[in-house]
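Undergrad: Quick one: structure below, then a few questions.
The values are calculated or read from the model by the stated rules, or taken from the named source; none is laboratory data. This one's a predicted model, so the numbers in the text were calculated from it and none came from an experiment. Note that we place each Cβ from the backbone using ideal geometry, even for glycine, and neighbour counts take in every protein chain shown.
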Amino acid sequence: MQIAIGSDHAAQAATERLTAKLIEAGHEVIDAASAPQPHGRADYAEQVAMLVLRHNVERGIIVTSRVVGAAMAANRVPGIRAASCHDAYSASLGAKAEGMNVLVLALHSMEDMEAVVQAYLAAPLAQVEVVGGLPPRRLQRVFAHVRENIAEDLAVADLAQVVGMSQYYFSKLFKLSTGITPHQYVMRQRVEHAQELLRDSNTPLAEIATRVGFETQSHFTSVFRRLAGATPKHYRERHQTAVAVEAGAEDRQKSATAA
């Protein structure tokens, strides 16, 4: 199963342990922390919700020290049903009876975390009825068009044409469906794709700017800093440093084991 996972700073260590167990169990895990988070402390929850909404993943899990705030942030995204569960029975029932597509775990009560997560993922997910906004198929068509044409202009009028609507009506329904405007969504997707390139390659910044749809590197840098909280250069340096530290730790562990 494809799962999005996110946490606040206090829950990072617990989230890393949970991620490792999920991968070991054969799940594909996407870390929401790598995506742009422009609004504040609960943005990791909103990003998990957006990954579920876009069908990038099947379900979301949030580990946090701020359960109420995280659940409220996720539930602001239309079509998301996020709730906190402290036992396996509630987690299973929430999925199969209530369509809970995002599970919120409290950091202070993680004793039965594995059992809760296993019960949640094992339960079939009830269908969530989305009221208002774009019909789900049209919404996914827009998401796909943005993903496949991220290097292009992607004007709101062009997105409206993809689903055969007027620009005004499309913009209104899109915001009802996602909680953000089409332009905001496109900017976030440009930055999210840029983050992938910055993490996974040494492609020059000017080339990355072009590949994700920015006409100039300065505009790319300005938008990236606003949404990701750092310049592209600093984001790359920070990530590469973290990877190097992790690789060094693994090498030392292998050396100690061999000795």
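Undergrad: Step by step: first the residues of the stretch 187-233, then only those that are surrounded by fewer than 16 Cβ atoms within 10 Å (Cβ to Cβ) and among the hydrophobic types (A, V, I, L, M, F, W, C), then the one that is nearest to Asp43 (Cα to Cα). Which residue is that?
TA: Ranking the qualifying residues of the stretch 187-233, first place goes to Ala230.
Undergrad: For the stretch 88-111, give me each residue that is within 20 Å of Gly26 (Cα to Cα) and either surrounded by fewer than 16 Cβ atoms within 10 Å (Cβ to Cβ) or not hydrophobic (A, V, I, L, M, F, W, C) (or both).
TA: Scanning the stretch 88-111 gives Ser92, Asn101.
Undergrad: Can you find even one residue in the stretch 152-171 that is in contact (Cβ under 8 Å) with a residue 24 or more places away in the chain, in a helix (DSSP H, G or I) and within 23 Å of Tyr44 (Cβ to Cβ)?
TA: For the stretch 152-171, residues in contact (Cβ under 8 Å) with a residue 24 or more places away in the chain, in a helix (DSSP H, G or I) and within 23 Å of Tyr44 (Cβ to Cβ): absent.
Undergrad: Just checking, how many residues over the stretch 180-207 are assigned to a helix (DSSP H, G or I) and more than 21 Å from the chain's Cα centre (by Cα)?
TA: Summing the residues that are assigned to a helix (DSSP H, G or I) and more than 21 Å from the chain's Cα centre (by Cα) in the stretch 180-207 gives 3.
Undergrad: Sticking with this one: Of everything in the stretch 217-244, what is of a type in the set (Val, Ile, Thr) and either part of a helix (DSSP H, G or I) or under 23 Å from Glu148 (Cβ atoms) (or both)? Give them in sequence order.
TA: Selection gives Thr221, Val223, Thr241, Val243.
Undergrad: Collect the residues in the stretch 125-138 that are touching a residue at least 24 places away in the same chain (Cβ under 8 Å) and more than 23 Å from Leu103 (Cβ to Cβ), keeping them in residue-number order.
TA: Of everything in the stretch 125-138, those that are touching a residue at least 24 places away in the same chain (Cβ under 8 Å) and more than 23 Å from Leu103 (Cβ to Cβ) turn out to be Gly132, Gly133, Leu134, Arg138.
Undergrad: Also, I was wondering about something else. What are the residue pairs meeting all of these: first residue in the stretch 178-192, first residue over 14 Å from Phe224 (Cβ atoms), second residue among the basic types (Lys, Arg) and part of a loop (DSSP other than H, G, I, E, B), Cβ atoms under 7 Å, and 6 or more apart or on different chains?
TA: Going by the 7 Å Cβ cut-off, the qualifying pairs are Gly179/Arg76.
Undergrad: Residue check: is Ile80 among the hydrophobic types (A, V, I, L, M, F, W, C) and at pLDDT 95 or above?
TA: When the stated conditions are applied, Ile80 does not pass them.
Undergrad: Quick check on the stretch 113-126: of everything there that is within 21 Å of the chain's Cα centre (by Cα) and either closer than 30 Å to Lys175 by Cβ or aromatic (Phe, Trp, Tyr) (or both), which residue is surrounded by the most Cβ atoms within 10 Å (Cβ to Cβ)?
TA: So, considering only residues that are within 21 Å of the chain's Cα centre (by Cα) and either closer than 30 Å to Lys175 by Cβ or aromatic (Phe, Trp, Tyr) (or both), the one surrounded by the most Cβ atoms within 10 Å (Cβ to Cβ) is Tyr120.
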